[in-house]
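Data block below; observations after.
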Amino acid sequence: MKLMYPACFYPDEEREGAYAVVVPDLPGCVSGGDTLAEAILMAMDAASGWVLDELEDGREAPSASPLENVIPESGGFVNMLVLDMDLY
């Protein structure tokens, strides 16, 4: 099963090149990385783990918000995360 979720990326003000990531459709799902590439991978892992916990508890994966409905806070940007739950 493949899922897609929008994620908000925010540059870290204290660490050059680092990013924090928030997945609004998955409450409490926050991650980050020292580079943008690492932040994307870490966010995919965090979101996959979040969804897997839901599935293992017998719940369905949450629906994803339309990309155009996700507005990041100032300085951030939105990018889609692709989760491959079969691979995870």
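Just a few scattered comments:
- Scope the stretch 48-65; condition within 11 Å of the chain's Cα centre (by Cα) and on the phi > 0 side of the Ramachandran plot; matching residues: none
This table checks each residue for (1) surrounded by 14 or more Cβ atoms within 10 Å (Cβ to Cβ); (2) over 13 Å from L81 (Cα atoms); (3) touching a residue at least 60 places away in the same chain (Cβ under 8 Å).
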| residue | (1), (2), (3) |
| --- | --- |
| P6 | yes, no, yes |
| P11 | yes, yes, yes |
| E14 | no, yes, no |
| V21 | yes, no, no |
| D34 | yes, yes, no |
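- Residue that is nearest to the chain's Cα centre (by Cα) [pool: residues in the stretch 14-47 that are part of a loop (DSSP other than H, G, I, E, B), farther than 15 Å from G75 by Cα and among the aliphatic types (A, V, I, L, M)]: V23
Bear in mind these aren't lab numbers, they're just calculated from the coordinates by the rules spelled out. Quick caveat, the model's predicted, so the values are computed rather than measured. Positions of Cβ are backbone-derived with ideal geometry, glycine not excepted, and every protein chain shown enters the neighbour counts.
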